[in-house]
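Peer 1: To start, I am sharing the structure in question, which I have written as C-alpha cells.
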Amino acid sequence: MTDHEPQDRRTKPTRALVLHPDIRGAERRKEPIHALDEAVALAAALPGLDVVEADVVPLREVRPATIFGTGKMDEIKTTIEAREVELVLIDGPVTPVQQRNLEDAWKVKLLDRTGLILEIFADRAATREGVLQVELAALSYQRTRLVRAWTHLERQRGGLGFVGGPGETQIEADRRALDEAITRIRRQLEKVTRTRGLHRAARAKVPFPVVALVGYTNAGKSTLFNRLTGAEVMAEDMLFATLDPTMRGVTLEGGTRVILSDTVGFISDLPTQLVAAFRATLEEVLAADLILHVRDVAHPDTDSQAEDVDTILGDLGVPEDVPRIELWNKADMLPEDARAALEAIADRSEDALLISALDGTGVTEAVDAITAQLEGVRRRQTVDIPFSEGRRRAWLHERDVIEAERETDEGWSLDVRWTDRQRMDFEAL
C-alpha cells in the first residue's frame, strides 16, 4: 500500500442501516425512537461500522418468512441501494429463515440484535475467560443458523464471522464440529473458573468489603470507578465499554478500605446465551457486600433501564438482602428544574443520591453513604486458627458468625460472616 493510495481504500467502513421494527400491539418497554437510538449506539460500539441511515419501521404483524410485507421490503431495498448500504442491523430477533430471505432479497448482509451484541462482546472481551465466554455464546448462536461472511470488516478487526470473513464464502460448519468446539471451550472454561476460584479464596482472606458497581450500559460506571480509584479503566461514551470486571483496592475518604468492582453494563433483551455465559464474569456482584446501582437519570428511559438492571440482578441470583444504593448519575446533563426536582427526591430518600461522576458533584456524599452503609454490613471472610488458639474459635462460635468449618493439619479454617466491629474485636483477642 502506497502513501498515495486513497484513504477510503485503507479504512473504508461498512455502511450500515439500522431498523427498529415497531410491532402494533406488542408490549413496549421504551418508546420506539429511544429503542432506535439505543440500537444505533450499539452499532456505533462496533469498530468499522458507519451508520448511514436509521429508521423505526411500523408493522401490523411480523411475517414469518420475511418480517416485513412486500411493499415495506421494496421501500427498504430502495433505501439500501440509494445509500449504498452493505449491512442491515435489525433491532430484534431474526430467525434463520428470515435472515436468509432478507439477505437474498436485499443482497446485503444482515445481523439481528443478538448477532450484533455478540460481535461487540467479541471485540471488547479482554480476559481469557471473557474471550472464552464469548466464543461459547457465539457457537451456541451459530448452531441455529448458517453464517454468511462479509469482507469489509475483515481487514480491520477480528470477530466471530458474523461480520467478518474471507469474501462472500458461506461458512457451513456441521453440528458435530460445532459441538466438539463447544465441548472444548467448556473444558477450557472449567480450568479458568477454577483459577478464578483460587483468586476468590485469596480475596476472602482480605478483610475488605467488596463494593460492586452495576448499571445499564453507558450509565457512567467506569467514569465513577475512575474517579474513585484513579484507575485508567476505559470510560467512553459507548455501549459495552467495559466487558470484564475490573477490581481495585481503594481507600475511601475517611479511611474505609474496600475492593471496588466495575462490571459490564446491563442491557434490555440481552441474548440468553450471554446472560448464561457471563454469569461467571459477573460473579463479583454475587459476592458483593454492597451494590452501587449507577443510573443515567438524564436518559429518557432511565426508569425502564433501572427495571432491566433489577431483573438481571434477580436472574443472576443476587440475594435481595444485599444492601444497595442508587447513584443517580449525569446530573450535569439535566436541565436546572429537573435537577432541582431530583435533588429534592434524593434528599428524602435513604438509598439514593444525585451525582455527576464527570464533574464530581455529589461524589463525596456518595462516599459518605458507602462508608455508613458498610459499617453495619456483615461480610464473609475465611479465617485460619491454629490448634493452640482454641479460645478464639470458641469466641466465634459464641457469636454465631461461623458458616462453615474445616479441620486442617495446623488447626481450623472457618468461613465467617461478621461485621467490621466483630472482626476488629476478634483481631484484638
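For (1) in the same structural domain as Gln422 (by TED's automatic domain parsing); (2) under 22 Å from Thr217 (Cα atoms); (3) touching a Leu at 6+ places or on another chain (Cβ under 7 Å), each residue gets a yes or a no:
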{"position": "Lys330", "(1), (2), (3)": "no, yes, no"}
{"position": "Ala340", "(1), (2), (3)": "no, no, no"}
{"position": "Ser349", "(1), (2), (3)": "no, no, no"}
{"position": "Ile355", "(1), (2), (3)": "no, yes, yes"}
{"position": "Leu358", "(1), (2), (3)": "no, yes, no"}
{"position": "Thr364", "(1), (2), (3)": "no, no, no"}
{"position": "Arg391", "(1), (2), (3)": "yes, no, no"}
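Peer 1: Determine if the stretch 52-62 includes at least one residue that is touching a His at 6+ places or on another chain (Cβ under 6 Å) and at pLDDT 95 or above.
Peer 2: yes
Peer 1: With the requirement that a residue be among the acidic types (Asp, Glu) and touching a residue at least 24 places away in the same chain (Cβ under 8 Å), what does the stretch 308-338 give you?
Peer 2: Those that are among the acidic types (Asp, Glu) and touching a residue at least 24 places away in the same chain (Cβ under 8 Å): Asp308, Asp315, Glu326, Asp332.
Peer 1: Another question about this same structure. Out of (1) over 18 Å from Val210 (Cβ atoms); (2) of a type in the set (Ser, Thr, Tyr); (3) in a helix (DSSP H, G or I), what's the single condition that is false for Thr361?
Peer 2: Going through (1) over 18 Å from Val210 (Cβ atoms); (2) of a type in the set (Ser, Thr, Tyr); (3) in a helix (DSSP H, G or I) one by one, Thr361 breaks only (3).
Peer 1: Just to be sure, is Ala344 hydrophobic (A, V, I, L, M, F, W, C) and touching a residue at least 40 places away in the same chain (Cβ under 8 Å)?
Peer 2: no
Peer 1: In this structure, is Pro300 assigned to a loop (DSSP other than H, G, I, E, B) and either under 25 Å from Ala372 (Cβ atoms) or free of Cβ contacts under 8 Å to residues at least 24 places away in the same chain (or both)?
Peer 2: No.
Peer 1: Identify the residue in the stretch 85-105 that is surrounded by fewer than 19 Cβ atoms within 10 Å (Cβ to Cβ) and of a type in the set (A, V, I, L, M, F, W, C) and, among all such residues, is modelled with the highest pLDDT.
Peer 2: Filtering the stretch 85-105 for residues that are surrounded by fewer than 19 Cβ atoms within 10 Å (Cβ to Cβ) and of a type in the set (A, V, I, L, M, F, W, C), the one modelled with the highest pLDDT comes out as Ala105.
Peer 1: Condition test on Asp400, is it in contact (Cβ under 8 Å) with a residue 24 or more places away in the chain, acidic (Asp, Glu) and either under 24 Å from Asp289 (Cα atoms) or touching a His at 6+ places or on another chain (Cβ under 9 Å) (or both)?
Peer 2: no
Peer 1: Hey, another quick one. When you scan the stretch 395-427, how many residues do you find that are more than 26 Å from Pro323 (Cβ to Cβ) and in a loop (DSSP other than H, G, I, E, B)?
Peer 2: Going through the stretch 395-427 one residue at a time, the tally reaches 3.
Peer 1: Examine the stretch 240-255 for a residue that is modelled with pLDDT of 75 or more, over 17 Å from Asn218 (Cβ atoms) and outside any strand (DSSP E or B), and state whether such a residue exists.
Peer 2: Yes, that holds for at least one residue.
Peer 1: Within the stretch 183-227, which residues are of a type in the set (Gly, Ala, Ser) and either within 17 Å of Val250 (Cα to Cα) or modelled with pLDDT under 85 (or both)?
Peer 2: Scanning the stretch 183-227 gives Gly197, Ala201, Ala202, Ala204, Ala212, Ser222.
Peer 1: Residues in the stretch 46-62: is at least one under 26 Å from the mean Cα position of the chain (by Cα), under 20 Å from Tyr141 (Cα atoms) and of a type outside the set (Phe, Trp, Tyr)?
Peer 2: Scanning the stretch 46-62, I find at least one residue that is under 26 Å from the mean Cα position of the chain (by Cα), under 20 Å from Tyr141 (Cα atoms) and of a type outside the set (Phe, Trp, Tyr), so the answer is yes.
Peer 1: Output the helices (runs of 4 or more DSSP H) that fall wholly within the stretch 5-114 and possess 2 or more residues being out of contact with any Lys or Arg (no Cβ under 6 Å at 6 or more places or on another chain) and aliphatic (A, V, I, L, M), or say none.
Peer 2: It comes to 32-44, 70-82, 96-106.
The values are calculated or read from the model by the stated rules, or taken from the named source; none is laboratory data. Keep in mind that what you see is a predicted model, and the values were worked out from it rather than measured. Every residue, glycine among them, receives a Cβ derived from its backbone with ideal geometry; neighbour counts consider all protein chains shown.
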